[in-house]
Every structure is written in structure tokens, then in C-alpha cells.
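**Student:** Structure incoming, see below.
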Amino acid sequence: YPLSGVKEIFAADDLTAVNLEGTFTRSTNAVEKPYRFKGDPAYVRVLTEGSVEAVSLANNHSGDFREEGKQETVSTLDGAGILHTDAGAPLIQTMEGGLKIGIVSYNTVENYAGEMAWRTSVKEDIETCKSAGCSLIIGFMHWGTVEYLPEPEDWEVQFAHDMVDWGCGLIVGGHAHILQRMEYYNDVPIFYSMGNFCYGGNTNPDDKDSVIVQAEYSWADGKAERKNLKVIPCEISTRNDRNDYCPTICQEGSADYQRILEKLEWKG
């Protein structure tokens, strides 16, 4: 049910990657914090039946049930055949046709005080992907020191530019819980925040705008070339009066569709 409105889109691509902001665990050994997210390991079917092939665990909720909960999450994903990436553990995958991609993910939300340390770690993960022969490296970031900011923070922008300079060919981000603008830096698309999507942390958020980013690449002579970049405006719920946890595609040309493109400052 949760991904029924977007499954057809996800099933038509070669790889769908999402931020898994929670755990698949039966553990009750939770950390002390206001919000702690978990689901029974059986709920991994939401991903498999929704045609999600990969997840990022680099966020501020993957450790809500301590190392025990995170390891159960990883084991559950492995058992379901879902790929995963985390800080210090980039996902390296060879796609059909021979294109090798690397996905580098990092959570700066709980690591901001150690800025230089995580900057070095991200750069090292990018170098790992290069050494493995990846022709396309994707940055999958969970960043920002304040939620619900309509604009990315200056340090995020600078860091995204650094990641491009280090070798990333696409960057997507989250944590702000709302959409933020995208931009191109040296012809590399950067989406600073894609908002919420299939989100159970709020029964009726005021802002339900979201987006799916689709990037199409060709591969020849060991090089990846971006052929097309598309955004698909979405709402996180089929209803306006509450969150029914079922993302839905906006009708092209509708007020919702246009508003989302404007928030993104979409340049095509």
C-alpha cells in the first residue's frame, strides 16, 4: 500500500534508491530522544513490493535502537536482497550494460561538530569508488543543522560543490523535511532537499510537497554521460486533510505540480 502510487515508476528504472529513515527491528532498547522510528522486519516488504532496490542508512534515525537495531536492519535488508549504503561503506554496483556506479552517503546531522572528520570521510569514500572503477558517483546526503529551512545552508552549498570537485556526478539530499532548491554546479545537478516521501513521522504535515528525481545515463569507453534528468512532483499523501502515508504523483500542469517546480527552481 505505501508505495502503490509510485511503484510503476520505480519498477520501470534500473535502480531506485531511497533514504531509509528508521529501523527494521523488534528491539526495545531505544536511545533517549524525542522521536524514535522502527518497524517490524516484516515491513521490508514495503520496499521489495514497491520496487526499491537500494537504501541509504546514513541518517539520524538508523541508530534509534542502538547497534542491535541497526544490525537487525542490515540483516533484514540483506535477507530481502536490498542493497544499502552508509558512512564509510559506499555502495558499489555494476549495472546492466557494464556501468559501475558508487553511492556515497553520510549523515552530518549528528556529526556536525566533527566537520573536518566527516569531510575527510566523505572524500575517502569518493576515492574508494574511484579506485573501484566507478564511472558515476552519487552523493546521498543527510545534512543541515536546522529542519524546515526553505534554503540550504551556506556550508551545505559549499560542501556539495566540494563533493562535485572530488568526483560526484549527482547529489541528492534530505533532512530538512521540506523541498529546497536545486542547482547545477559545473553541470552536475544538486538537489539539496527532496522533502518527505513515504513518511510516518507526522499525521498531517502542513507541507506535503515532494519529488522523485530520475537521472538517465549512457555508458561507453569507461565514461558515464547524463542523457536526461527529470523530476516528478509528488504529494506525500493522497489526501489534503491528513497523511495517509501513500505518496501520489501530481497531475502535470496542476497547481501542486507548478508549485513544486517553483520550489525546486527547476531548470530542466
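**Student:** Can you sort Lys223, Lys100 so the residue with the fewest Cβ neighbours within 10 Å comes first?
**Tutor:** Lys223, Lys100
**Student:** Relative contact order for the stretch 7-204: what percent, with Cα pairs under 8 Å and sequence separation of 6 or more?
**Tutor:** Computed over the stretch 7-204, the figure is 15 percent.
**Student:** Which one, Pro150, Pro2, Trp118, projects farthest toward the positive side of the charge dipole computed for the chain from Cβ point charges (K/R +1, D/E -1)?
**Tutor:** Value computed over the given set: Pro2.
**Student:** Sticking with this one: For a footprinting-style exposure proxy, rank Ile236, Ile82 by other Cβ within 10 Å, fewest first.
**Tutor:** If I rank by nearby Cβ atoms, fewest first, I get Ile82, Ile236.
**Student:** Which residues' amide hydrogens lie under 5 Å from the amide hydrogen of Cys246, considering only partners 5 or more residues apart or on another chain, with H built in the peptide plane?
**Tutor:** Counting only residues 5 or more places away or on other chains, the set is Thr238.
**Student:** About the Cα centre of the chain, how large is the charge dipole given +1 on each Lys and Arg Cβ and -1 on each Asp and Glu Cβ? Please answer in debye to the nearest 20.
**Tutor:** Dipole of the chain, to the nearest 20 debye: 360 debye.
**Student:** If you take every DSSP beta bridge whose two residues both sit in the chain, what share of them, in percent to the nearest 5, is antiparallel?
**Tutor:** 55 percent
**Student:** Continuing with this model, one more query. Evaluate the charge dipole of the stretch 125-268 about its Cα centre and quote only its size in Debye, nearest 20, assuming +1 on the Cβ of each Lys and Arg and -1 on the Cβ of each Asp and Glu.
**Tutor:** The calculation lands at about 460 debye.
**Student:** For Gly39, enumerate residues with amide H under 5 Å from its amide H, sequence gap 5+ or separate chain, H modeled in the peptide plane.
**Tutor:** Thr23, Phe24, Thr25
**Student:** Quick one: grab the alpha carbon gyration tensor of the chain, order the square roots of its eigenvalues as a ≥ b ≥ c, and give me rounded if a/c is under 1.5, else prolate or oblate depending on whether a/b is larger than b/c.
**Tutor:** Because its axes are fairly even, with a/c under 1.5, the chain counts as rounded.
**Student:** Can you work out the Karplus-derived ³J(HN,Hα) for every residue in the stretch 209-219? Use 6.51 cos²θ - 1.76 cosθ + 1.60 with θ = phi - 60°, whole Hz, and x for glycine or proline.
**Tutor:** Taking θ as phi minus 60°, the curve returns 6, 8, 7, 9, 9, 10, 10, 10, 10, 9, 9 Hz for the stretch 209-219.
**Student:** Based solely on its DSSP helices, what 222 nm [θ] is calculated for the chain when runs of n ≥ 4 H residues each add -39,500 (n - 2.57) and the sum is averaged over all residues, nearest 500 deg cm²/dmol?
**Tutor:** Rounded to the nearest 500, the figure is -7500 deg cm²/dmol.
**Student:** Let me ask something additional. Quick one: what are the phi-derived ³J(HN,Hα) couplings along the stretch 79-95, Karplus 6.51/-1.76/1.60 with θ = phi - 60°, whole Hz, x for glycine and proline?
**Tutor:** Each residue of the stretch 79-95 in turn: x, 8, x, 9, 6, 8, 9, 7, 4, x, 9, x, 8, 10, 9, 8, 8 Hz.
**Student:** Given axes a ≥ b ≥ c from the Cα gyration tensor, I'd like to know whether the stretch 1-135 is rounded (a/c under 1.5), prolate (a/b larger than b/c) or oblate.
**Tutor:** Judged from the Cα gyration tensor, the stretch 1-135 comes out oblate (a/c at least 1.5, b/c at or above a/b).
**Student:** Same structure again: Work out from phi, with θ = phi - 60° and the Karplus expression 6.51 cos²θ - 1.76 cosθ + 1.60, the ³J(HN,Hα) of each residue of the stretch 130-137, listed in order in whole Hz, and give x for Gly and Pro.
**Tutor:** 4, 5, 7, x, 5, 8, 9, 10
**Student:** Right, something else. Starting with the fewest neighbours, write out Glu225, Glu153 ranked by other beta-carbon atoms found within 10 Å of each beta-carbon.
**Tutor:** Glu225, Glu153
Where a number appears in this text, it was derived from the coordinates with a stated rule and is not lab data. Just so it is clear, the structure is predicted and the values come from calculations on it, not from any experiment. A quick note on method: Cβ atoms are made from the backbone with ideal geometry, for glycine too, and the neighbour counts reach across all protein chains shown.
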